[in-house]
Amino acid sequence: MWAGIAFTLLGGALWGISGTSVQFLTTAGGAPPSLITLMRVLLGGGLFFALLLVRYRDAVRAMFADGRSAGGIVLFALSLYGNQLCYAQTVQITNAGTATVLQMLGSVFVMLFVCVTARKLPHAKELAGLIIAVLATVLIATQGDVRTLDIDPGGLAWGIATGLTTAFYILVPKRFGLFERFGSVPVVGTGMFLGTVFAVPVYALQGGSIEQAATVLAAFGPFEWLVFAGGLVVVGTIGGYGFYLHGVSIVGSVKGSLLGAIEPVSATTVAALWLGTAFTGYDIAGMLLMCIMVAFVTTDEKPDDG
């Protein structure tokens, strides 16, 4: 259980690097969110799937041997890709802080789903953890001024979709028994790679073309490529989603979704180290609250029912 908690927190922390990388590439790098997401799943999923073909070939083959598990992995791939696209769209329309706050809705959706399907109220510690996590996220993202969350309707819609897809990719593997039958590494790698099936038509529907992609990528300098390949693909995608979902497979959906709220702490720390942004009193207060949330959630050393 403690290993699961550690993996979940590590994955959530690596998401912070992913979010900062997305914001940099869509603003300073000039790349549209659909292209960044396409390249992310193509390269990240391709590298992950290459590992699967070497070490987990039998698990991948078994995953598609029956209709239920095959349907589950396709639904997981759709939600995983959708989450990355929705988050990037939200960041572009609003900002990384607002997108992070809206992504926290995923924890609410997960808790509601588990409570409804299990026909029970949430545990007091989980509910307290959710309230503290939302408060900490809002403090860090808004710096105490909630007026900064005056959200564009389009950004709000994409943000709610981010929360929904977050809940989906957390819940689907557990509901279809994918982690238990095949292990988290084959499931996450296959889901990530299958995301390209959805990424290509979405990029085309949003007006993207090979010429546009070539123009944007040709304008990338060495630092943009380092941010994309290192920060977004290796650290934020393979590391972030891989570690996080492996942890969720151990600790459960509700606890995992709450521990994933460590992301704004990571994003704030990365911004301070990378961009020279100073920590504020609100940052420190939010981080302290997040530590309290982690303590609440991890006190119960049993996996939840999600």
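The values are calculated or read from the model by the stated rules, or taken from the named source; none is laboratory data. Not measured: the values here are computed from a predicted model. Cβ: placed from backbone, ideal geometry, glycine included. Neighbour counts: every protein chain shown. The protein model used for the area step is the full one, side chains on, heavy atoms only, and it has no ligands, DNA or RNA in it. Shrake-Rupley method; radii C 1.70, N 1.55, O 1.52, S 1.80 Å.
The table that follows gives values for the structure above.
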read-out	value
Relative contact order [Cα under 8 Å, 6+ residues apart], the stretch 34-159, whole percent	30 percent
Karplus (6.51, -1.76, 1.60) ³J(HN,Hα), θ = phi - 60°, over the stretch 37-52, in Hz, Gly and Pro reported as x	5, 4, 5, 5, 6, 5, 6, x, x, x, 5, 5, 5, 4, 4, 5
Ratio of the Cα radius of gyration of the stretch 1-72 to 2.2 N^0.38 Å, where N counts its residues	1.47
Length-normalised contact order for the chain - Cα pairs under 8 Å, 6+ apart - percent	41 percent
Isotropic mean projected area of the C-alpha convex hull, the stretch 146-258 (nm²)	9.6 nm²
Overall dimensions of the stretch 204-263 as given by Cα atoms, namely Rg and Dmax in Å	16.6, 45
Rg and Dmax [Cα atoms of the chain; Å; Rg one decimal, Dmax integer]	18.4, 54
Share of pairwise Cα separations in the stretch 1-122, more than 26 Å, in percent	37 percent
Dipole of the chain [Lys/Arg +1, Asp/Glu -1 at C-beta], most positive-end residue of 169, 38, 74	74
Distance (nanometres) between label positions extended 7 Å along Cα→Cβ at residue 2 and residue 156	4.5 nm
Label-to-label distance, nm, for residues given as residue 291 and residue 210 (7 Å Cα→Cβ offset)	5.4 nm
Spherically averaged projected area in nm², based on the convex hull that wraps the Cα atoms of the stretch 72-181	7.5 nm²
Cα-based Lys pair tally, the chain, threshold under 14 Å, eight or more apart or on separate chains	4
Residues residue 280 and residue 116, FRET efficiency given R0 of 45 Å [Cβ-Cβ distance, rounded to 0.05]	0.70
Solvent exposure of the chain as accessible area per residue, Å², 1.4 Å probe	42 Å²
Ranked packing of 162-175, 78-91, most packed first, by mean Cβ within 10 Å	78-91, 162-175
Positive-end extreme of charge dipole, the chain - chosen from 21, 8, 101 (charges on Cβ)	8
Accessible surface of the chain [probe 1.4 Å, protein heavy atoms]: carbon and sulfur percent	71 percent
Over the chain: helical MRE at 222 nm, DSSP H runs n ≥ 4 each giving -39500 (n - 2.57), nearest 500	-25500 deg cm²/dmol
